[in-house]
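Q: To start, I am sharing the structure in question, which I have written as structure tokens.
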Amino acid sequence: MRAPARVVSALVLAFGASICALPALGAIPVVDDCVESDYQDRTQDGANRTLIWDFSFPGRAERCLKIRVGQSVRWNGNFAEHPLDPDQGDVPSPIASPDESGVVTFSSLGVFGFRCNYHFEMRGAIQVVAASAPAAVPGSHLGGRLALAVALLSAGAFVAWRTSRKRRRNT
């Protein structure tokens with residue numbers, strides 16, 4: 001195989017392999033240190049969606065909640081000592097305007113970060129999913145990337161095969 005063909009083949013193979021290493025398409029972004037596996041599922045009717053908004057908040061698993069569109073979350077605490085502000089994530093954030101009792105209703109899909117304006121460690125996120133979210137199929141997010149990687153790897157192998165075939169004809 002000639003040097004240019006080797007380079008092209010190596011680049012195609014490397015690119016195809018790198019596709020497999022990319023983050024999953026459609027993965028939930030990290031918002032205020034909440035990663036996808038951190039979200040506590042509170043999508044069921046009647047689930048507790050009240051957050052105790054005080055200094056113990058940073059250590060609580062509930063700082064990352066998953067709810068459905070149309071559901072509400074209540075922050076229970078002293079807002080003079082711990083002002084609730086929207087932070088990272090999607091905008092506009094409904095967290096910007098809780099009602100007088102600390103309740104926020106989420107009417108759109110997204111991931112909405114929040115924090116205490118005075119205490120940076122008091123932060124979390126609310127992941128809002130569709131009202132009737134389909135069940136996730138494990139590994140289904142890999143399908144498109146895997147197909148692309150296989151196609152690129154096949155293209156690299158074809159280039160290598162074709163170049164070596166031409167070389168044998170010329171000798």
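The values are calculated or read from the model by the stated rules, or taken from the named source; none is laboratory data. If you're wondering where the values come from, they're calculated on a predicted model, not measured in any experiment. These accessible areas exclude ligands, DNA and RNA; they are computed on the full protein's heavy atoms, side chains included. Shrake-Rupley method; radii C 1.70, N 1.55, O 1.52, S 1.80 Å.
Q: So for the range 69-127, considering every pair of alpha-carbon atoms, how many percent are separated by more than 12 Å? Intermediate values should be presented prior to the final figure.
A: Values: 1086 of 1711 pairs.
Here the tail beyond 12 Å accounts for 63 percent of pairs.
Q: Still on this structure, I have one more. Can you give me the long-range amide H partners of Gln40? Hydrogens built in the peptide plane at 1.01 Å from N, cutoff under 5 Å, separation of 5 or more residues or another chain.
A: Long-range HN contacts for Gln40: Cys64, Leu65, Lys66.
Q: With viscosity set to 0.890 mPa s at 25 °C, what whole-number translational diffusion coefficient in µm²/s follows for the range 25-123 from Stokes-Einstein and a Kirkwood radius over Cα pairs?
A: Stokes-Einstein gives a translational diffusion coefficient of 180 µm²/s.
Q: Near the amide H of Asp87, under 5 Å away, which other amide H atoms are found, from residues 5 or more places off or on another chain, if H is placed in the peptide plane?
A: Under 5 Å from the amide H of Asp87 lie the amide H atoms of Gly113, Phe114, Arg115, each far enough along the sequence or on another chain.
Q: May I ask you to rank Ile52, Ile95 by accessible area, largest first, using a 1.4 Å probe over the protein chains only?
A: Numbers: Ile52 65, Ile95 0 Å².
I get Ile52, Ile95, largest accessible area first.
Q: What ³J(HN,Hα) values, in whole Hz, does the Karplus curve 6.51 cos²θ - 1.76 cosθ + 1.60 give for the range 121-128 when θ = phi - 60°, with x put for Gly and Pro?
A: 3J(HN,Hα) across the range 121-128, in whole Hz: 5, 8, 8, x, 8, 10, 9, 10.
Q: I'd like the accessible area for Arg63, computed on protein heavy atoms only with a 1.4 Å probe and all protein chains in place. Round to 10 Å², please.
A: 40
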